[in-house]
Amino acid sequence: MDYVRYFQDRLNDIKDEGRYRIFAELERQRGQFPTAHYYPETEEPAVEGVTVWCSNDYLGMGQNSRVIDVMKEALDKCGAGAGGTRNIAGTNHYHALLEAELAGLHNKESSLLFTSGYVANMTTLMTLGHGIEGCILYSDALNHNSMIEGIRHSRAEKRIWKHNDLKDLERLLAADDPDAPKIIIFESVYSMDGDIAPIREIIDLAKKYNALTFLDEVHAVGMYGPHGGGVAEREGLMDEIDIIQGTLAKAFGVIGGYIAASREIIDFVRSFGKGFIFTTALPPSIAAGALESVRILKQDDLIRQRHQERARTLKEKLRRAGFPVMPSVCHIVPVEVGDPVACKQVTDLLMEKHKIYVQPINYPTVPRGTERIRLTPSPLHDDATMDRLIEALKDVWDILSLTRAA
Ligand SMILES: *Cc1c(COP(=O)(O)O)cnc(C)c1O
């Protein structure tokens, strides 16, 4: 076996398809969000003043001065790392404070921190799917890879229901043994299309078939609900969801993931979850920063209103200019290009000619033929920044002869 050749061939396959991933090397500038410096692939010097239009730091909290100050204080007080796993010398006071805060945010008895949202999903679903004997897992077809991997590694029976399709979910639930334990696994905001799950109706089905519910609110925590508890908070449904999962890395602007649930579920995952037990705890400074961010966003409903207004305004400006905005009902603004090569050309030209950074979204993140750019306007993207984006998009669309509505 020629190993080197093998890897080269596989990489060439995805290059030929136009979906080889190239990372944009940025240097974020404190207090300057959404602008950053950009380091081209060549040896050229950094390009300053690039506008970032695709960050998941949805509210700019990664640049919030209170969050940064609190992180510095914790760093000075506690040092760099946590010093161990949670069980062996790694549990810091900040972890306990943050877990209490997150339980409160979701009105749950308890919560549990993980090193990322990915690890939270994977570990929780693996642990429950494996640990509840005979459990059947029902997963929305568009669930994030972190849930898919957790389901796969649990080795439990699984059923995939058509995206947001209640009839299909019920058909699958009704076909299984009524006495089998069940978990329905879904997201609130689906981040590639910007649609939202029918949470109320899914809860009703869960009750009818005696299933637990697991809701990924990664793209909603901090941004929806009067305190940033997510879409379930906005709709008054937090108490009826068994397990709410979230990230500290997107709207909260730092890093880490968590679940919030009853005391027993949390204690079960804490006691049996491999991806929780066998890894070093988050640094205290990270926990302190995330805690501050959660506290700020609990209070600051104005930032949420501004965020929603910015997203509405951008959609409106794009539609008026005839761009194919996909039908999102949230803060995410996808614009369809429909071809992986054209999609990459669009984003290359935006960067080279206009100092605008948007990452192309290609297969397997989205289905082939629906390649798109995914814009994430934050409260810090003002009207002038939006107008510059629209003019740049018009220019690029013309150069590539892409179609726009009249
Ligand atoms: C980003 C993402 C995750 C993972 O969260 P991280 O904290 O970035 O690891 C989980 N679920 C969904 C839907 C996501 O988009």
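Go through (1) part of a helix (DSSP H, G or I); (2) touching a residue at least 24 places away in the same chain (Cβ under 8 Å); (3) not acidic (Asp, Glu) and name the single condition GLY246 misses. Condition not satisfied by GLY246: (1).
May I ask you to say which residue of ILE183, ILE259 is open to solvent by less than 10 Å² (accessible area, probe 1.4 Å), over 20 Å from SER55 (Cα atoms) and within 15 Å of the ligand (Cβ to nearest atom)?
Exactly one residue qualifies, and that residue is ILE259.
Among the residues making up the range 65-80, a single one is in a loop (DSSP other than H, G, I, E, B) and either open to solvent by less than 50 Å² (accessible area, probe 1.4 Å) or under 21 Å from ARG295 (Cα atoms) (or both): GLY79.
Results for (1) within 15 Å of TYR357 (Cα to Cα); (2) modelled with pLDDT under 95, shown as yes or no for each residue.
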residue	(1), (2)
GLY31	no, yes
GLU44	no, yes
THR51	yes, no
ASN64	no, no
MET71	no, no
ALA82	no, no
HIS93	no, no
GLY104	no, no
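Among residues of the range 126-140 that are free of Cβ contacts under 8 Å to residues at least 60 places away in the same chain and in the same structural domain as ARG171 (by the TED database), those with a beta-carbon under 6 Å from a residue that is part of a loop (DSSP other than H, G, I, E, B) and open to solvent by less than 10 Å² (accessible area, probe 1.4 Å) at least six positions away or on a different chain give the pairs GLY129/CYS135. Among the residues of this structure, ILE244 counts as one that is closer than 16 Å to PRO198 by Cα and either within 16 Å of the ligand (Cβ to nearest atom) or in the same structural domain as SER146 (by the TED database) (or both). Comparison of ASN92, ASN107 shows that the only residue that is among the polar types (S, T, N, Q), touching a helix residue (DSSP H, G or I) at 6+ places or on another chain (Cβ under 7 Å), surrounded by fewer than 16 Cβ atoms within 10 Å (Cβ to Cβ) and assigned by the TED database to the domain that holds GLN245 is ASN107.
Within the option set LEU59, LEU26, being surrounded by 13 or more Cβ atoms within 10 Å (Cβ to Cβ) and within 16 Å of the ligand (Cβ to nearest atom) holds for one residue only, LEU59. Among the residues making up the range 21-48, those that are out of contact with any Leu (no Cβ under 9 Å at 6 or more places or on another chain), closer than 23 Å to HIS307 by Cβ and not aliphatic (A, V, I, L, M) are ARG28, GLN29, ARG30, GLY31, GLN32, THR35. Answer with yes or no whether LYS208 is more than 20 Å from ILE266 (Cα to Cα) and of a type in the set (Lys, Arg). Considered against the rule, which asks whether it is more than 20 Å from ILE266 (Cα to Cα) and of a type in the set (Lys, Arg), LYS208 comes out as yes. Inside the range 280-336, residues that are assigned to a loop (DSSP other than H, G, I, E, B), open to solvent by less than 30 Å² (accessible area, probe 1.4 Å) and either at negative phi or in contact with a Ser or Thr (Cβ under 8 Å, 6 or more places away or on another chain) (or both) make up a count of 9.
In this structure, does GLY253 turn out to be part of a loop (DSSP other than H, G, I, E, B) and open to solvent by less than 40 Å² (accessible area, probe 1.4 Å)? Against the criterion (part of a loop (DSSP other than H, G, I, E, B) and open to solvent by less than 40 Å² (accessible area, probe 1.4 Å)), GLY253 qualifies.
So, ALA232, is that one at negative phi, open to solvent by less than 40 Å² (accessible area, probe 1.4 Å) and not assigned by the TED database to the domain that holds GLY84 or not?
So ALA232 fails the test.
Yes/no matrix, rows are residues, columns are (1) modelled with pLDDT of 95 or more; (2) over 15 Å from HIS144 (Cβ atoms); (3) in contact with a strand residue (DSSP E or B) (Cβ under 9 Å, 6 or more places away or on another chain); (4) among the polar types (S, T, N, Q):
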| position | (1), (2), (3), (4) |
| --- | --- |
| GLY194 | yes, no, yes, no |
| VAL218 | yes, no, yes, no |
| GLY228 | yes, yes, no, no |
| ARG234 | yes, yes, no, no |
| ALA261 | yes, yes, yes, no |
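Would a scan of the range 1-11 turn up a residue that is open to solvent by less than 80 Å² (accessible area, probe 1.4 Å) and assigned to a loop (DSSP other than H, G, I, E, B)? Taking every residue of the range 1-11 in turn, none turns out to be open to solvent by less than 80 Å² (accessible area, probe 1.4 Å) and assigned to a loop (DSSP other than H, G, I, E, B).
The values are calculated or read from the model by the stated rules, or taken from the named source; none is laboratory data. Computed from a predicted model, the values in this text were never measured in an experiment. Glycine also receives a Cβ, built like all others from the backbone with ideal geometry; neighbour counts cover every protein chain displayed. The protein model used for the area step is the full one, side chains on, heavy atoms only, and it has no ligands, DNA or RNA in it. Shrake-Rupley method; radii C 1.70, N 1.55, O 1.52, S 1.80 Å.
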